[in-house]
Amino acid sequence: MPLSSRLAWLCGVLLVFCVVLPVHAQVGVTALDNQRIIKDPYARALGEATVAQRGYAGAAAINPASIGTKGMAHLSSVFSTESSGLFRTAWLPAFGGNEWVTNQHIDLNLGRWALAYRYHRLDLGESVITVQRPRGTPSGYQESHGLTVARQVSSSLSIGFGLNYLRDRIEPGLLTGQSDVGVHPFSPSLDFGVLYDTRFETPVGRVPLSVGWALTDLGPHTQHPDSPQPDPLPMLMRSGLSVGYEAPLVWLGRPAVRAQLDLALSKLMVRVARDPERGTSDADAPLRALFTTWQPLEVLTPNGSMELSVADQLMRHRGLGLAVFDVLAFRWGHELNGARQYRSYGWGVDLYYVTLDYSRVQDEDVTLAGTSFWRLGARVPLTAQARADDPWRALWRVLKR
């Protein structure tokens, strides 16, 4: 079967899954569950359907093969209007909590290699605990450091690998068992990703097409001292495609109109067996879970239990983007996960050396309602070709004529 036919077949299968199939909540007890929620405004605005997108600042958390912009270094930080600075943002403002998110990122791309580092922290704030007597004001946070490397093995195929250091910290003051203790369990995890992209020339414009797959947070279980059993990491598998259109009219090296449609599926690769009588649960080892999660899952409901097929356990992501001369972009997205579903929108401004992206969840009846993120970034050209592609230099040459 020709490559174009295989790609068309894959696109059709993903389209059926993303548009037709019903979806129920994925059920799984995991540690560091904050890892599952993407805070990047570009990905969030597109419904986290960006596993087949290349070069945006938050790519390392979704697909390590898609990091970096050729010949450029990119530094960025996430913030929000609810926060007091550029380096942290309020989390879930609709709940009026005191949690804060910190998210910084840097990537660079030279030749066929790309490297990225990201730091993420969720500050859980403080709360007063009273059990028989006041127990103080415990505080805690979840944080992760990620180092990602990607290699372009051919003109169309890239692979990526990531190593993460994850920590779940509870400060002294929290009642753990019968004593106040500081708890600092940490876990390493690995990310893997593949990205294939190509493009087709047509009489009415160029059609880019890319397909991506990624597995994130593959690692050993982590355990708090007061927990009866270890909890698995939130290992996720993602796959998806991106189909675009670039208008033939080009000015300063940028197409007049660029549109993109992103479709993706994701699945929590965690399988936990529960014993209601003893009140315990046992999670499959990570490598075993890669196989056992492709089976029907029985979940408890208020009316008893029900069985979810593999298709019912999949999360669907859809995103639509439109950009004018790659300077001003508008984005819309939708994620359907049963327990967590939302619609989002956002926009971005790309001035080559400076980037600004924004996203907001607009639904009113979901946990993420009201969350909004900004990302401010700075690009530095590292190669002569990247400096030559500067649209501001091209514009200056046009004005001088």
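Of everything in segment 295-320, what is part of a helix (DSSP H, G or I) and under 18 Å from the mean Cα position of the chain (by Cα)? Give them in sequence order. None - no residue of segment 295-320 is part of a helix (DSSP H, G or I) and under 18 Å from the mean Cα position of the chain (by Cα), so the list stays empty.
With the condition kept exactly as written, say whether any residue in segment 210-217 is at pLDDT below 95, within 18 Å of the chain's Cα centre (by Cα) and at positive phi. Yes, segment 210-217 contains at least one residue that is at pLDDT below 95, within 18 Å of the chain's Cα centre (by Cα) and at positive phi.
Residues being of a type in the set (Lys, Arg), at pLDDT 95 or above, open to solvent by 30 Å² or more (accessible area, probe 1.4 Å) and part of a strand (DSSP E or B) are represented in segment 245-260 by at least one member. Answer yes or no as to whether Val380 is among the β-branched types (Val, Ile, Thr), open to solvent by less than 10 Å² (accessible area, probe 1.4 Å) and in contact (Cβ under 8 Å) with a residue 40 or more places away in the chain. The answer is no for Val380.
For segment 71-102, taking the residues that are in contact with a helix residue (DSSP H, G or I) (Cβ under 9 Å, 6 or more places away or on another chain) and part of a strand (DSSP E or B), the one that is modelled with the highest pLDDT is identified as Met72. The residue list Ala369, Ala323 contains one member that is surrounded by 15 or more Cβ atoms within 10 Å (Cβ to Cβ), outside any loop (DSSP other than H, G, I, E, B) and hydrophobic (A, V, I, L, M, F, W, C), which is Ala323. For first residues located in segment 270-298 and at negative phi and open to solvent by 100 Å² or more (accessible area, probe 1.4 Å), partners that are modelled with pLDDT under 65 and in a loop (DSSP other than H, G, I, E, B) and lie 6+ apart or on another chain with Cβ distances below 9 Å form the pairs Arg274/Val29.
Taken as a whole, the condition of being at pLDDT 90 or above, farther than 25 Å from Leu209 by Cβ, open to solvent by less than 50 Å² (accessible area, probe 1.4 Å) and of a type outside the set (Val, Ile, Thr) applies to Gly146.
Condition (residue is in a loop (DSSP other than H, G, I, E, B), among the hydroxyl-bearing types (Ser, Thr, Tyr) and touching a residue at least 12 places away in the same chain (Cβ under 8 Å)) applied to segment 354-363: is it met by at least one residue? Within segment 354-363 (the criterion being in a loop (DSSP other than H, G, I, E, B), among the hydroxyl-bearing types (Ser, Thr, Tyr) and touching a residue at least 12 places away in the same chain (Cβ under 8 Å)), the answer is no, since none of the residues qualifies. For segment 328-344, taking the residues that are at pLDDT 95 or above and not small (Gly, Ala, Ser), the one that is surrounded by the most Cβ atoms within 10 Å (Cβ to Cβ) is identified as Arg331.
The values are calculated or read from the model by the stated rules, or taken from the named source; none is laboratory data. These numbers were taken from a predicted model, which means no experiment stands behind them. FYI the Cβ positions are ideal-geometry reconstructions off the backbone, even for glycines, and counts take in every protein chain you see. Just so you know, the surface numbers come from the protein's heavy atoms only, side chains and all, with ligands and any DNA or RNA stripped out. Shrake-Rupley method; radii C 1.70, N 1.55, O 1.52, S 1.80 Å.
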